[in-house]
Amino acid sequence: MGLLSDPVRRRALARLVLRLNAPLCVLSYVAGIGWFLALAFPPLTQRTYMSENAMGSTMVEEQFAGGDRVRGFARDFAAHRRKSGALPVAWLERTMRSVGLEVYTQSFSRKLPFPDETHERYMVSGTNVYGILRAPRAASTESLVLTVPCGPDSTNSQAVGLLLALAAHFRGQIYWAKDIIFLVTEQDLLGTEAWLEAYHDINVTGMQSSPLQGRAGAIQAAVALELSSDVVTSLDVAVEGLNGQLPNLDLLNLFQTFCQKGGLLCTLQGKLQPQDWTSVDGPLQALRTLLLMVLQQASGRPHGPHGLFLRYRVEALTIRGINSFRQYKYDLVAVGKALEGVFRKLNHLLERLHQSFFFYLLPALSRFVSIGLYMPAAGFLLLVLGLKALELWMQLHEAGVGPEEPGGASGPSPPLLPAQSVGLASLVAPLLISQAMGLALYVLPVLGQHVATEHFPVAEAEAVVLTLLAIYAAGLALPHSTQRVVSAQAPDRGWMALKLVALIYLALQLACIALTNFSLGFLLAATMVPAAALTKPCGPRPLYATLLVLTSPAATLLGSLFLWRELREAPLSLADGWQLFLAALAQGVLEHHTYGALLFPLLALGLYPCWLLFWNVLFWK
Amino acid sequence: MAAALPLAVLLLLLLGPVGGGHAEPPRDTLREELVITPLPSGDVAATFQFRTRWDSDLQREEGERITLEKDNCHLLVSHYRLFPKALGQLISKYSLRELHLSFTQGFWRTRYWGPPFLQAPSGAELWVWFQDTVTDVDKSWKELSNVLSGIFCASLNFIDSTNTVTPTASFKPLGLANGTDHSFLRYAVLPREVVCTENLTPWKKLLPCSSKAGLSVLLKADRLFHTSYHSQAVHIRPVCRNTRCTSISWELRQTLSVVYDAFVTGQGKKDWSLFRMFSRTLTEPCPLASESRVYVDITSYHQDNETLEVSPPPTTTYQDVTLGTLKTYAVYDLLDTAVINNSRNLNLQLKWKSPPATGALNRGLVFAEAPPVPFLYAQRYVSGYGLHNGELNTLLYNTHPYRAFPVLVLDTVPWYLRLYVHTLTITAKGKENKPSYVHYQPAQDRLQPHLLEMLIQLPPNSATKVSIQFERALLKWTEYTPDPNHGFYVSPSVLSALVPSVVAAKPVDWEESPLFKSLYPVSDSSSYFVRLYTEPLLVNLPTPDFSMPYNVICLTCTVVAVCYGSFYNLLTRTFHIEEPSTGGLAKWLANLIRRARGVPPL
């Protein structure tokens, strides 16, 4: 630090930063992107390994052999479901009781803020059924959960069959040390959310539900099961949860161990594991998987019912049986055996899963990138903002001193206090106005949907999305309104101060996001940083404006959608992309209200106002 | 001489018991009893009770002779016959009035199994009334728990001031008592304690017949721990020696309850037999016992069309009001020679007979209906998420259709959960339910736990919710257990209630009635006393990562802290280069002169 408190050296350093700013910024940005792309390559990806002692050294012997039972239960369930048109609660209760569980039900209802077009629901009500296997000689202090969501459209009857058959098998064993809850939820994730809130006796999303009659202590881990078809050729594992939370890596390792043991074909993001890591092909495929995971995690939506468990610090993952028309088909017994193994190992746990990583990226099922290795990518990107801010700060303070001026002769220039204070006062108006726009973006679409439907021929859901876009676009008209307010001020210093504030604000936000949800932070940084660094009211303005619009949060979302479908090998046409974009907006708002997803408020209240500040800088006169 | 010595020994042996027996009636008696109860859920509960009654006043004799032999006063009563010496010495050494100790593995599920004869909380529980002659109760309590820890091979030495409380109303003496100054009471629960054979063996050794004869041959460890619930207890209390209560006797009651999971052990059938449960049969009574009986509950609860069939058929039946309902028991008296002599052993069997037409159907659906619900049961849980705040909730269910009854709730909460007492709310049927008695003793960090006692009236057919919020404290890093991520236990709530009976109980002779009826005193014929425990809770505290990243975090924090000062310095100070000023006064004077001369200054 002595280097910086010596004024002479400080000036030399400052000159270096000022002169080399542009190349340094470019270098840093390229380094960030390059580092990220390199994450899929072997020195940075490591093999996964089991950290938890209680689950590591010994293997268990799986004995589940209830293939006929699974099919029988599934057939009966499907028949009863078809007959009643809803979840056959009475049949489930009776069946669970007959296999020896304590059975309880929970009814819930929820009025969504506006109709959900993709799932075609508005007033949602349903009943969850759960049975508790009480562990002998244990006082119900800990439990494990196996849950099967039953959506309105997806039948998932094979999964219910497997759940019941596993329950029957588990009930006959004496080695359980933790209670096991077998949960069948209706209305897929809404049911899971209702059950979890009732289990923890809180209300975070305005769900109305009946209180639970039976509990089983602190839930240690949960597995959600979805079998979309009767034939399973591979199992897909989903880890990304609400707001980008991830389960402890050991849970995934555990599942992968049993997949290997049982010879099951497991995929991650629908992609097989690359076999060959020495050539370029393997890592490239891993990079695609990694990008899919980043997009999925950045969306902040639960990628399965397990995602909602993570809020309560319950390690959870979703296992999906996929029929991808491969040659080898798996009997449900094989899946059941893998699940039995997973549960027996979890039963061995002495402590909660905590040994392994909570922050990681997965380029393949058996490879991971730890937080220490991926963070530099985001760090390099944020460094650009820091460098730019430093440059502006120096320019503001030493504006009178030309960088070429000989150092020793003249005294240092005094800080330009009057000008600076004028600059700060002029910042208040744009800051307030852009924040107000953000607030309007957050509040108005849902509040004003009824007004909109009265005056325009649109449905509620459309009204919400269109209001959202309208307010978003209206923000672009902001410079004209703020200009009048600040026209009297010194113009040159004004935009510099505004940009300085905006840069610091953006850097802070992105740093915070990157710490909790790296994917989102990185994605936003990679798109927003170049435009934010370049923007100034002189030079090729139309180019800057295009760049800014193309990197605004909404455009990032649109771009991500295209990238996502491209990586999934199902490319989108422009029109489809637009439709998907509108649906994604509606889903984003809905998920904020139904599950407490934070992406929508974050964009509306944090990043959008910040982006507006840059827009403001661009059109400064 | 060589021949005379054995002769003398023989003579002594012959004379000894005769002489003692001649002088006074037998001073101690043993009664043993086994109750087998098919539970409403289909499981089977077996409760053993062994009662040793000793007509001797351990402590009065001590008082008399204390003047004579001061140094070994606890060895005063030196001849022990049936009463275990280890416990007898404890009574006199620590001046105990009552001692109740239980070890439990599992949880009695009142909702499904009905009210218990004797429930105990999961883990270890110890409560002791000391005589009012004890001066330093806490010291005696500490020593006593350490001694018991040795006797029962249990971690009772973990009982210290942070988990000991003095309840004011919940634990009254069960035996004879003239004063109930609760400052002589201590109560502690260790919910973490794991109970296993190492605790069972010392418990069995206290029995007069050990596990050699009588009912105790059934106590085979590998079967007893193959159950859903296992609870063993020792109760010591003074009782009246005769009906007029002129002098006192000491009663040692050893109880052991187990619940067999019919589903696992019976392969889905409810039928049971002694052999299937204990892998032993009864062959003889304990020769030292004055009474040795097996009771089988044959009141048919449920089961349309199904009838119970017990084999061999009982010689007598016993009908009485137990836990508020009329029960019929088949009685097998092992001292009655006919019971065992017929087949050399007694293997009790119980079969559920159903009409042949519906038999197969019923077998499969035996468990398909929810069992009847008891009048009082409870549930306890922690609510909320995150590691900052939380809420402790206790749900008390009164399912009686029209009668309200009071419940005494005792909560002991460790100090590291800081209770917010102002958030204590008790609601029933949507209204606030004010407790008629509240005793709250706040916790002191690292010294004593919270104690909360309340008397709550439960309205009929209602669920009463008692909730209180808490904040999790940060422990010092050496205070964490070796497995901090497992969570920290909070001991269960204790509910003591007078539950209304369905059938009014008749007053009976206390000494003559079966043992399972005579632990709790009966005060009123229209209700019965029951003590229930809720499940213990597991609460996660904010825990540092005790692994390598923790060191990394510490290191990083140090570096950041060092950097912070410098950066702050840089940001808040401005730096100017000061030209070295030489001369000072001389220069000033020179300049003054120069100005006067009209020459430019230096």
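Readers should treat all values here as calculations from the given coordinates under stated rules, not as data from a laboratory. Since the model is a prediction, treat every value here as computed from it, not as a measurement. Using ideal geometry, Cβ is built from the backbone for each residue, glycine included, and neighbour counts are taken over all protein chains shown.
For peptide A:96-102, compute the average count of partner chain beta-carbon atoms within 10 Å of each residue's beta-carbon. Numbers along the way, then the final one.
Values: counts 2, 6, 6, 3, 9, 2, 5.
Going residue by residue through A:96-102 and averaging, the value is 5.
For chain B, what is the relative contact order in percent, using Cα pairs closer than 8 Å and at least 6 residues apart in sequence? Could you put the intermediate results ahead of the total?
Numbers: 1139 pairs, mean separation 85.3, N = 602.
The normalised contact order for chain B reaches 14 percent.
Note down the nm distance, to one decimal, between modelled labels 7 Å out along Cα→Cβ at A:Glu569 and at A:Ile371.
Between A:Glu569 and A:Ile371, the label points sit 3.5 nm apart.
Work out the FRET efficiency for B:Leu555 and B:Arg244 from their Cβ-Cβ distance, taking R0 = 60 Å, and round it to the nearest 0.05. Before the final figure, lay out the partial values.
Values: r = 78 Å, r/R0 = 1.30.
Rounded to the nearest 0.05, the efficiency is 0.15.
Only bridges with both residues in chain A count here: give the DSSP antiparallel percent, nearest 5. Mind showing how you got there, number by number?
Values: 30 of 54 bridges.
In chain A, approximately 55 percent of DSSP beta bridges are antiparallel ones.
Between the stretch A:1-50 and the stretch A:52-78, how many Å separate their Cα centres?
51
Round to a whole angstrom and tell me the spacing of the C-alpha centers of the stretch B:479-516 and the stretch A:227-289.
With the stretch B:479-516 and the stretch A:227-289 each reduced to a Cα centre, they are spaced 50 Å.
So what is the 222 nm mean residue ellipticity for chain B from helices alone, if each DSSP H run of at least 4 adds -39500 (n - 2.57) and you divide by all residues, rounding to the nearest 500 deg cm²/dmol? Don't skip to the answer; put the middle values down first.
Working: 13 runs with 130 residues, N = 602.
Counting only the DSSP helices, I get -6500 deg cm²/dmol.
Let me know the mean shielding of B:484-494 by other chains, meaning the per-residue number of their Cβ atoms within 10 Å of its Cβ.
Numbers: counts 3, 7, 9, 7, 0, 2, 1, 0, 1, 0, 0.
The mean count of partner-chain Cβ atoms within 10 Å per residue comes to 3.
222 nm [θ] for chain A, helices only, -39500 (n - 2.57) per DSSP H run of 4+, per residue, to 500? List each step's numbers first, then the result.
Details: 24 runs with 341 residues, N = 621.
Helix-only estimate at 222 nm: -18000 deg cm²/dmol.
Please order B:Asp524, A:Asp492, A:Asp179 by the number of other Cβ within 10 Å, starting at the fewest. Don't skip to the end; give the middle numbers.
Numbers: B:Asp524 12, A:Asp492 15, A:Asp179 24.
Listed from fewest to most nearby Cβ atoms, that is B:Asp524, A:Asp492, A:Asp179.
Quick one: B:Ser92, B:Ser216, A:Ser229, fewest Cβ neighbours within 10 Å first, how do they rank?
Values: B:Ser92 19, B:Ser216 22, A:Ser229 12.
Fewest-to-most ranking of B:Ser92, B:Ser216, A:Ser229: A:Ser229, B:Ser92, B:Ser216.
Cut-off under 30 Å on the C-alpha distance; same-chain residues fewer than 8 positions from B:Lys270 excluded. Which lysines are left, in chain and number order?
Cα-Cα hits under 30 Å: A:Lys178, A:Lys337, B:Lys204, B:Lys212, B:Lys220, B:Lys327, B:Lys351, B:Lys353, B:Lys517.
Across 10 Å bins from the origin, how do the percents of Cα pairs in chain A run, short distances first?
The percentages, shortest bin first, are 3, 15, 23, 23, 17, 11, 6, 3, 1, 0.
Once both axes come from the Cα atoms, what is the angle between helix A:157-171 and the longest principal axis of chain A, in degrees from 0 to 90, rounded to 10?
In chain A, helix A:157-171 runs at an angle near 60 degrees to the longest axis.
What longest region of chain B stays clear of chymotrypsin sites (Phe, Trp or Tyr not before Pro) that DSSP places outside H, G, I, E and B and that have at most 11 other Cβ atoms within 10 Å?
Values: sites that count: B:Tyr402, B:Trp477.
Here the longest segment lacking exposed loop sites spans B:1-401.
Taking only Cα atoms, what is the 0 to 90° angle, nearest 10, from helix A:67-84's long axis to the longest principal axis of chain A?
Relative to chain A, helix A:67-84 is tipped by roughly 70 degrees.
If the viscosity is 1.567 mPa s and the temperature 4 °C, what translational diffusion coefficient in µm²/s does Stokes-Einstein give for the protein assembly as shown when Rh comes from Kirkwood over Cα pairs?
Numbers: Rh = 35.7 Å.
The calculation lands on 36 µm²/s.
For the stretch B:470-533, run through the trypsin sites (Lys or Arg not before Pro) and keep only the ones in DSSP coil with at most 13 other Cβ atoms within 10 Å of their Cβ. All intermediate terms of the calculation are to be shown ahead of the outcome.
Details: sites: B:Arg472, B:Lys476, B:Lys517, B:Arg531; in loops: B:Lys476.
In loop regions of the stretch B:470-533 (DSSP not H, G, I, E or B), the sparsely surrounded trypsin sites (Lys or Arg not before Pro) are B:Lys476.
So if the hydrodynamic radius of the stretch A:166-213 is defined as the Kirkwood radius over C-alpha pairs, what does Stokes-Einstein give as its diffusion coefficient at 20 °C and 1.002 mPa s, in µm² per second? Each step should come with its number before you reach the end.
On the way: Rh = 12.6 Å.
My calculation gives 170 µm²/s for D.
What whole number of Å gives the distance from the Cα centroid of the stretch B:375-447 to the Cα centroid of the stretch B:110-175?
22
Over the residues of the stretch A:96-222, compute the C-alpha Rg and express it relative to 2.2 N^0.38 Å. Show your work: numbers first, answer last.
Values: Rg = 15.1 Å, N = 127, 2.2 N^0.38 = 13.9 Å.
It is 1.09.
What translational diffusion coefficient, in µm²/s and rounded to a whole number, does the Stokes-Einstein relation yield for chain B at 37 °C and a viscosity of 0.692 mPa s, taking the hydrodynamic radius as the Kirkwood radius over Cα pairs? Working shown, then result.
Numbers: Rh = 28.3 Å.
My calculation gives 116 µm²/s for D.
Give or take rounding to whole Å, what are the principal axis extents of the alpha carbon atoms in the stretch A:199-288, in descending order?
56, 29, 25
Relative to the compact globular guide of 2.2 N^0.38 Å, what is the alpha carbon radius of gyration of the stretch B:137-232, as a ratio?
On the way: Rg = 16.2 Å, N = 96, 2.2 N^0.38 = 12.5 Å.
Expressed relative to 2.2 N^0.38 Å, the Cα Rg reads 1.30.
No other cysteine beta carbon under 4.7 Å away is the test; run it over chain A and list who passes.
For chain A, the answer is A:Cys25, A:Cys150, A:Cys512, A:Cys538, A:Cys610, because their Cβ atoms have no other cysteine Cβ under 4.7 Å.
Could you compute the net charge surrounding B:Pro601? Neighbours are other residues with a C-beta less than 12 Å from the C-beta of B:Pro601; K and R count +1, D and E count -1. It would help to have the intermediate numbers written out before the result.
Values: positive: B:Lys587, B:Arg594, B:Arg595, B:Arg597; negative: none.
So the environment of B:Pro601 carries a net charge of +4.
With r defined as the distance between the Cβ atoms of A:Asp281 and A:Val231 and R0 fixed at 45 Å, what FRET efficiency is calculated, to the nearest 0.05? Intermediate values should be presented prior to the final figure.
Numbers: r = 30 Å, r/R0 = 0.66.
Using R0 = 45 Å, I get an efficiency of 0.95.
Quick one: P(r) of the stretch A:132-291 from all Cα-Cα pairs, 5 Å bins, percents rounded to integers, in order of increasing distance.
Result returned by the calculation: 2, 7, 13, 17, 20, 17, 11, 7, 4, 2, 1, 0.
Relative contact order for chain A: what percent, with Cα pairs under 8 Å and sequence separation of 6 or more?
Details: 1033 pairs, mean separation 107.6, N = 621.
So the answer I get is 17 percent.
I'd like the mean, over residues of B:536-542, of how many other protein chain beta carbons sit within 10 Å of each residue's own Cβ. Mind dumping the intermediate values first?
Working: counts 4, 5, 8, 2, 4, 0, 0.
Per residue, the number of nearby Cβ atoms from other chains is 3 on average.
Jot down the per residue volume, in cubic angstrom and as a whole number, of the convex hull over the alpha-carbon atoms of the stretch A:288-397. Intermediate results must be reported in sequence, preceding the final value.
Numbers: hull volume 19.8 nm³, N = 110.
Residue-normalised Cα hull volume stands at 180 Å³.
Enter the angle in degrees (range 0 to 90, nearest 10) between the Cα long axis of helix A:541-550 and the first principal axis of the Cα atoms of chain A, meaning the one along which they spread out most.
Tilt of helix A:541-550: around 10 degrees.
For A:Ile322, A:Ile371, B:Ile36, what ranking results if the residue with the fewest other Cβ atoms within 10 Å of its Cβ goes first?
On the way: A:Ile322 19, A:Ile371 14, B:Ile36 22.
Lowest to highest Cβ neighbour count: A:Ile371, A:Ile322, B:Ile36.
I need to check one value: relative contact order of the stretch B:226-300, counting alpha carbon pairs closer than 8 Å and at least 6 residues apart, in percent. Could the numbers behind the result be given before it?
Values: 70 pairs, mean separation 17.8, N = 75.
Computed value for the stretch B:226-300: 24 percent relative contact order.
The stretch A:266-370: which trypsin sites (Lys or Arg not before Pro) are DSSP loop and have at most 14 other beta-carbon atoms within 10 angstrom? Provide the component values of the computation, followed by the final result.
Working: sites: A:Lys271, A:Arg288, A:Arg311, A:Arg313, A:Arg320, A:Arg326, A:Lys329, A:Lys337, A:Arg344, A:Lys345, A:Arg352, A:Arg367; in loops: A:Arg313, A:Arg326, A:Lys329, A:Arg352.
Those that pass, being in a loop and sparsely packed, are A:Arg326, A:Lys329.
For chain B, list the DSSP H helices whose alpha carbon atoms reach 24 Å or more along the long axis and whose average Kyte-Doolittle value is 1.0 or above?
Details: long enough: B:4-23 (28 Å, 1.81); B:548-572 (36 Å, 1.24).
Flagged H segments are B:4-23, B:548-572.
Starting from the Cα gyration tensor of the stretch A:154-235, take the square roots of the eigenvalues, sort them a ≥ b ≥ c, and report rounded, prolate or oblate (rounded when a/c is under 1.5, otherwise prolate if a/b is larger than b/c, else oblate).
Values: a/c = 2.41, a/b = 1.23, b/c = 1.96.
In terms of gyration-tensor shape, oblate.
Can you pull out the GluC sites (Glu not before Pro) in the stretch A:3-75 whose DSSP state is coil and whose Cβ has at most 15 other Cβ atoms within 10 Å?
On the way: sites: A:Glu52, A:Glu61, A:Glu62; in loops: A:Glu52, A:Glu61, A:Glu62.
In loop regions of the stretch A:3-75 (DSSP not H, G, I, E or B), the sparsely surrounded GluC sites (Glu not before Pro) are A:Glu61.
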